[in-house]
Structure formats: C-alpha cells, structure tokens
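Here, each number is a calculation from the coordinates, and none is a lab measurement. The shown structure was predicted, so the numbers you read here are calculated from the model rather than taken from an experiment. Reconstructed Cβ throughout: ideal geometry from the backbone, glycine too, with neighbour counts over all protein chains shown.
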Amino acid sequence: MTALFPPLDEDELRALTDDIRERGLLHPIVLDPQGRLLDGRGRLRACEAASVEPAFVTYEGNDPSGYALSVNLRRRNISKGQAAMISAKARSGSEHPPGSDSEQTTRSVAEQTGLSLGRISQANTVLQHAADLVDPVINGAMGLDEAYALARENKAKANSAEVQLNRLREEDPELAERVVEGDLTLAGAWAERTERVEEDKRQRRVATRLLDELVPPLAQARGTRTFARYDPAFAGSGPITRETIAHAMTALTEMDQVWQERDLP
C-alpha cells in the first residue's frame, strides 16, 4: 500500500534523516501481521541513512489497507488530487474495483479519506479511461483536473466507438465480428460497409432498370396480337424458343414471390 504514495524527495529524506539522527525515531514503523509495510517507508529509509535501529509495531485491526491509506493520506504533504488518485488506485486493487457499487463505495472512500465525492469520482474516471495518467497524477507531474479532462475525452470517444460498433452489428454482423477479432479497425470496417452499401445500390439500380425494360412491355402485350405476330426471321439475338418461354415464366413466378414477400404492389 505504501508503494502507492510518491517517495520523499531528496530534501525531505535528508531533513527526516537529520531529525531521526538527532531525536531518534518518534513514530514506529507499522507492519501488518504478515510483516508487510503499512506505514513508515520514508522513516525506514531515513533510519537506514542515519544508522538508527528502526522500531516496528504490528497493526492489530481488521482493515490494514484502510489504515495504511488513511494514515498516509493524512500525514503526507500531497494535494487533494494526488490523494484522490492514490485512493482510487488502491481501491482498484481491492475486491471492489471502480464501477462496482459505484455511488455507495465512492461515499465510503470519501468518508474514510476525508476527500470530496467529486475528487474521488474524477480519480475513478481517470483510472478507468486514462490509466496511463494515473502515476503522473500521483507523482505530481500532472494535476487531477487536467487528467480528468483527458479521461473524459477518452470516455466520450470510447462511448462513440461502442455506439458505432453496435450499429455495425445491426447492419453488418460479419464486419462487426472482424472488428472484435482485431482483423479490421472500426474505421476500416465502416469504409468497407460504405463500399458494400454503394455496390448494393448499384446492383439494385441495374436490376431495376432491367426489369423496367422487360416486364412492362411484356404485360402490355397481354391480350394483343403481339405474340401471334412474332416472326423468328426478324429475331435479332436468336429465336425465342419454348425453353426460353419456360425460363421466362419461371422467372416471372420467382418475381411474383419476391413481390409478395416484400409486400410490393
């Protein structure tokens, strides 16, 4: 737990070392029952530098992580943003990661650490949507407000991508699956989807024009002497045979079925 906190800088460590060398270790180093460090990482380093034998005590409560977090947050000279980020990161390694029982757990952490709900919520957002900024905030290289703004941008982009992926699943499940498997980027999938849509439009346009040229004249010939006047001698692309007529009748039957399925007039 103490590893979450930024280490003392050289001046702070030097001052603490001088103080311990002069007055001794005033606050023992606290370990959990398994001997893990809960509080006093800086004091331990200062004792080693001052050649002073450190004193240890064992924490006997039932919440060692909570104790370590609380005591270090209250003693350390860190900003509220750093404290909130440390709390969020500590909680992420517990059995209640960010996102579970969100409101209740956030309130609990705020009460334990004395931090505002807003700061805890901002830190959770950074942890979930800009994990690479967590350590810079903890170390003081970046403020929580700046990291939170970037995390919100990432969150918005992620939400937008999720919406686009869900829409792609509805329109073209095969492309969506390729995105999920990593074979295509989301942008690449939508580009291919656009090409498919345009190709489909082109094919529908060609089919529509073809049927417009063939079917209406055939319907208009019904009940006239057009069929009786047919003369193979004038056929431009070969004579129309009974087989051709049979195929045409089959095609018209298929066309009628499609029109019924699509509920076209």
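Below 10 angstrom from the Cβ of residue 125, what's the summed charge of the other residues (Lys, Arg +1; Asp, Glu -1)? Each step should come with its number before you reach the end.
Values: positive: 152, 155; negative: none.
Summing Lys/Arg as +1 and Asp/Glu as -1 gives +2.
Sketch the reach of a paramagnetic label on residue 240 as a point 7 Å from Cα along Cα-to-Cβ, and name the residues of segment 193-214 whose backbone nitrogen lies under 19 Å away.
Under cut-off, by backbone N: 210-214.
Using packing as a proxy for protection, rank 54-63, 174-183 so that the peptide with the highest average count of other Cβ atoms within 10 Å comes first.
Numbers: 54-63: 12.1, 174-183: 14.7.
The packing order, highest mean first, is 174-183, 54-63.
Calculate, in nm to one decimal, what residue 145 and residue 197 gain on full extension: separation in residues at 0.36 nm each, minus their alpha carbon distance.
Working: separation 52, 0.36 × 52 = 18.72 nm, distance 4.36 nm.
So the chain would gain 14.4 nm between residue 145 and residue 197.
For the chain, what Kirkwood radius comes out of the mean inverse Cα-Cα distance, in Å? List each step's numbers first, then the result.
Details: mean 1/r = 0.0389 Å⁻¹.
So the Kirkwood estimate lands at 25.7 Å.
Among the lysines, which fall within straight-line cross-link reach of residue 89, defined as a Cα-Cα distance under 16 Å, with same-chain neighbours fewer than 8 residues apart omitted?
80
For the chain, what does the helix formula give at 222 nm: sum of -39500 (n - 2.57) over DSSP H segments with n ≥ 4, over the residue count, nearest 500 deg cm²/dmol? Walk me through the numbers before you get to the answer.
Working: 11 runs with 172 residues, N = 265.
The helix-only estimate for the chain comes to -21500 deg cm²/dmol at 222 nm.
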